[in-house]
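The values are calculated or read from the model by the stated rules, or taken from the named source; none is laboratory data. These numbers were taken from a predicted model, which means no experiment stands behind them. For neighbour counting, all protein chains shown are included, and Cβ atoms are generated from backbone atoms with ideal geometry for every residue, glycine included. Areas reflect the complete protein model, heavy atoms only, side chains present, ligands, DNA and RNA absent. Shrake-Rupley method; radii C 1.70, N 1.55, O 1.52, S 1.80 Å.
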Protein chains: 2
Amino acid sequence: MPHISLNSAEPGIRGLLQYRPETGRPLSELAEVLLRGPSTLSRGERELIAAYVSGLNDCQYCSASHSACAAAQLPEGMALVEQVRADASGAPVSEKLKALLAIAAAVQRSGLEVTDEHIAGARAAGATDLEIHDTVLIAAAFCMMNRYVDGLATIAPADPARYAAGAQHLIKEGYLPPSAA
Amino acid sequence: MPHISLNSAEPGIRGLLQYRPETGRPLSELAEVLLRGPSTLSRGERELIAAYVSGLNDCQYCSASHSACAAAQLPEGMALVEQVRADASGAPVSEKLKALLAIAAAVQRSGLEVTDEHIAGARAAGATDLEIHDTVLIAAAFCMMNRYVDGLATIAPADPARYAAGAQHLIKEGYLPPSAA
């Protein structure tokens, strides 16, 4: 049961965005730009970074939700998402994505954990400054979202089908609330 | 030196907001609503929560910047900010603010660290659901901002006078970029 009385039975972040639309709007816009806006990282790759960080933070709702979004937008599907979440450095992804996932994992611990070596590794694998920037901000943003969702003890449905259906909706409609889209 | 080539010499978050205005806009809007929008928590109290969490995350730029903003908007000034950052549970603040600071400290560790006892303590001291919500989101948002600022190794000026001047500017102009204000 959530720590506060929400104004809907919506689970996870969705109930929070609806409870406080003044903060919900910029949070939704941030997710839309970071995960779906123009980028040389695919939407599947960006959702994978979000799912990976949410898993490191043990956030059940966000990790299930963004794993479903990543799986639905990556050719390799949920099998790859599960490999990355279990062992990112050994997963069959590009060297560039592997280096970006290592940066995301450092950010999850602390911004101060990102070293010159992390950045040099990503550059050597072909990452651009903007890709490095967006990876750091996606990882940092999910350190916020995860804390927001769990800090208020929102509900995380257990049924994976709920998250798969939610992913299809997000892929079609995006993260912006209907009134702002 | 920042990990990526920014398009200005602006320090901390300011250089990042300017580098990527697509994400800068929602981030600025979030800060404006949370720290300066209508609330039963004063602007000084909300800046104090931001400064406290930024200190727990060892983020030099954000903790100096929001300490200056809190000090400029609290009657007790920087002396109180320093007391809270050194020992929040022993600082001379209201029982309600003390309970909200304890929630913020839990969120800084993990959303999962916020317990029913934290919430009951805040309610017993008079905190409303919205105050609890906003405290959790301020703490979570600064876990993002701190990681963003330090994960890209932005510059943190050493001179306290820079932060005091920045605080006066923020108090007058707010967090929104000039074009969005």
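For the reader, a short list of remarks on this structure follows.
- Complete set of residues in the stretch A:114-131 that are more than 23 Å from A:ARG36 (Cβ to Cβ) and more than 8 Å from every other protein chain (Cβ to nearest Cβ): A:THR115, A:GLU117, A:HIS118, A:ALA120, A:GLY121, A:ARG123, A:ALA124, A:ALA125
- Near pairs, Cβ below 7 angstrom, 6+ apart or cross-chain, from the stretch B:132-148 (more than 8 Å from chain A (Cβ to nearest Cβ)) to any residue that is surrounded by 24 or more Cβ atoms within 10 Å (Cβ to Cβ) and hydroxyl-bearing (Ser, Thr, Tyr): B:PHE142/B:SER54
- Selection within the stretch A:12-47 - within 12 Å of the chain's Cα centre (by Cα) and more than 19 Å from A:LYS172 (Cβ to Cβ): A:LEU30, A:GLU45
- The number of residues in the stretch A:1-18 that are within 10 Å of chain B (Cβ to nearest Cβ) and either touching a residue at least 12 places away in the same chain (Cβ under 8 Å) or buried (at least 22 other Cβ atoms within 10 Å of the Cβ) (or both) comes to 6.
- The stretch A:19-35 residues that are facing another protein chain (nearest Cβ under 7 Å) and more than 18 Å from B:LEU35 (Cα to Cα), paired with ones that are open to solvent by 20 Å² or more (accessible area, probe 1.4 Å) and of a type in the set (Asp, Glu) (beta carbon under 7 Å, 6 or more apart): A:VAL33/B:GLU22
- The residues of the stretch B:94-117 include none that are crowded, with 23+ Cβ neighbours inside 10 Å and hydroxyl-bearing (Ser, Thr, Tyr).
- Test: residue in the stretch B:145-162 that is of a type in the set (Val, Ile, Thr), in a helix (DSSP H, G or I) and surrounded by 21 or more Cβ atoms within 10 Å (Cβ to Cβ): yes
- Selection status of A:ARG25, farther than 27 Å from A:LEU97 by Cα, open to solvent by less than 30 Å² (accessible area, probe 1.4 Å) and either of a type in the set (Lys, Arg) or modelled with pLDDT under 95 (or both): no
- Scoring A:LEU35 on the criteria (1) open to solvent by 10 Å² or more (accessible area, probe 1.4 Å); (2) outside any loop (DSSP other than H, G, I, E, B) leaves a single failure, condition (1).
- Long-range neighbours under 8 Å by Cβ, at least six apart or interchain, first residue in contact (Cβ under 8 Å) with a residue 12 or more places away in the chain within the stretch A:78-97, second among the charged types (D, E, K, R) and crowded, with 20+ Cβ neighbours inside 10 Å: A:LYS96/A:GLU131; A:LEU97/A:GLU45
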